[in-house]
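**Student:** Mind having a look at this structure? Questions to follow.
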Amino acid sequence: MARVQLDDLRKVYPNGHVAVAGATFEVGDGERLVLVGPSGCGKSTLLRMIAGLEEISSGTLRIGERVVNDVAPKDRDIAMVFQSYALYPHMSVAENLAFGLRLRGLPKPAVAERVAEAARTLGLDALLERKPGQLSGGQRQRVALGRALVRQPQAFLLDEPLSNLDAKLRAGMRVEIARLHQRLGTTMVYVTHDQIEAMTLGQRIVVMKDGQVQQIDTPMALYERPANLFVAGFLGSPAMNLLRGRLQRDGGWTLELADGARLPLPAEARFDAGWHGRELHVGVRPEHLLRAGEGEAEGFDAVVDVVEPVGSEVFVNLRVGTHALVARLAPGDVPAAGSTLRLRAAPAQLHAFDLADESALMRE
Ligand code: ADP
């Protein structure tokens, strides 16, 4: 096991495209860290630099105590799992698992022992004689994991390993990977564009956008204290409601929206008195829009557009003037489309972001 340290790691592709613009962070020994961001943000490039599959343009990469910038992938003592399982179609599962080890010249009994152990761990015992073509997608992905497992590497690098699976299998495999990690305790770096996967699998998450690291923290810290507008909007489903407007202090607070609509906000909101008259973004998560009593001063009326009951809760898509909002209501609370709801925002749960640099605003 080992920690992985990135110090100002940059990748400029030969065509001049800056895919990673200076990433600095550490993956702790035994930590399960997720890199997440929209497609094209540079997360695969970063992972591939750690793996040694992509040349590092500048910066320093350490695995354990060793600088590995110029160390060949096979000598980095890491194992990578890809979205495309990359199994050898003509070999059985057992042969697929054993192949890499044989290539490294590991003695036969040791190979057999490791293959048997990986098969046991991943529930592949009954499938060892099958060819990849005779396996389901989930089983194939399990074999791909097994091939990494038998290597007993210092770190696992996984690049969108579950993207080819359907939603139900993905949820199941997510738990399997977490369980596997808990059992092995091996350092793991996991790349995904899926924020749910990131939230459920990451002990810490690195959020990226346009080659830049936006924020690094635990899932709940990112959710509760996003550092900027991008992170606020990216993590969470349904996404945080974000409204641009001018804040007015008038006893309580009011947000004046572009279309002239005025949204009363709680007097106890954690806004700074100095923000009176300031144009900014206000954010509120769907679960922090609460039903308000008729005529409640700090409430506002919203028209129900579309209702999505998902069983455990109800997502209510609303309109305030020309603005769309989503509220997350209790399972029994299914308002009729076209009806008007009186809502209020939970005061301690409002976010504010600067108009220019989009960073989270803190009260002075
Ligand atoms: P992600 O994994 O977040 O989807 P990638 O790391 O694959 O993103 O790519 C980051 C950016 O670098 C993208 O804009 C992509 O188009 C670009 N890119 C990837 N590979 C190359 C390459 N070989 N040459 C030039 N640009 C590349």
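**Student:** Quick one: which strands (runs of 3 or more DSSP E) lie wholly within the range 1-78 and hold at least 2 residues that are more than 16 Å from the ligand (Cβ to nearest atom) and at pLDDT 95 or above? Before the answer, list the steps.
**Tutor:** On the way: elements: 4-12, 18-27, 32-36, 58-63.
Answer list for the range 1-78: 4-12, 18-27, 58-63.
**Student:** Taking the options Arg10, Arg48, Arg76, name whichever one is farther than 15 Å from Ile216 by Cβ, within 20 Å of the chain's Cα centre (by Cα) and of a type in the set (Lys, Arg). Write out each step before concluding.
**Tutor:** Working: Arg10 fails: within 20 Å of the chain's Cα centre (by Cα); Arg76 fails: within 20 Å of the chain's Cα centre (by Cα).
The conditions single out Arg48.
**Student:** In contact with a helix residue (DSSP H, G or I) (Cβ under 7 Å, 6 or more places away or on another chain), open to solvent by 50 Å² or more (accessible area, probe 1.4 Å) and part of a loop (DSSP other than H, G, I, E, B): is that true of Arg130 in this structure? Don't jump to the end; show me each part of the working.
**Tutor:** Values: in contact with a helix residue (DSSP H, G or I) (Cβ under 7 Å, 6 or more places away or on another chain): yes; open to solvent by 50 Å² or more (accessible area, probe 1.4 Å): yes; part of a loop (DSSP other than H, G, I, E, B): yes.
Yes: the conditions hold for Arg130.
**Student:** Report every pair of residues separated by at least 6 positions or lying on different chains whose Cβ atoms are under 6 Å apart, first residue within the range 179-207 and closer than 21 Å to Arg142 by Cβ and of a type outside the set (A, V, I, L, M, F, W, C), second in a helix (DSSP H, G or I) and within 16 Å of the ligand (Cβ to nearest atom).
**Tutor:** So the pair list comes out as Thr192/Ala198.
**Student:** A further question on this structure: Which members of the range 190-229 meet the condition of being in a loop (DSSP other than H, G, I, E, B), open to solvent by 70 Å² or more (accessible area, probe 1.4 Å), more than 16 Å from the ligand (Cβ to nearest atom) and touching a Lys or Arg at 6+ places or on another chain (Cβ under 9 Å)? Write out each step before concluding.
**Tutor:** Residues of the range 190-229 in a loop (DSSP other than H, G, I, E, B): 193-194, 202-203, 210-211, 218, 225-227.
Restricting the remaining residues to those that are open to solvent by 70 Å² or more (accessible area, probe 1.4 Å) gives 193, 203, 210, 225.
Going one step further and asking which of them are more than 16 Å from the ligand (Cβ to nearest atom), we end up with 203, 225.
Scanning the range 190-229 gives a single hit, Gln203.
**Student:** Here are some conditions: (1) within 16 Å of the ligand (Cβ to nearest atom); (2) free of Cβ contacts under 8 Å to residues at least 60 places away in the same chain; (3) crowded, with 18+ Cβ neighbours inside 10 Å. Ala118 meets all but one. Which one does it not meet?
**Tutor:** (1)
The values are calculated or read from the model by the stated rules, or taken from the named source; none is laboratory data. Quick caveat, the model's predicted, so the values are computed rather than measured. Every residue, glycine among them, receives a Cβ derived from its backbone with ideal geometry; neighbour counts consider all protein chains shown. Quick note on the areas: whole protein, heavy atoms, side chains included, nothing else; ligands and nucleic acids left out. Shrake-Rupley method; radii C 1.70, N 1.55, O 1.52, S 1.80 Å.
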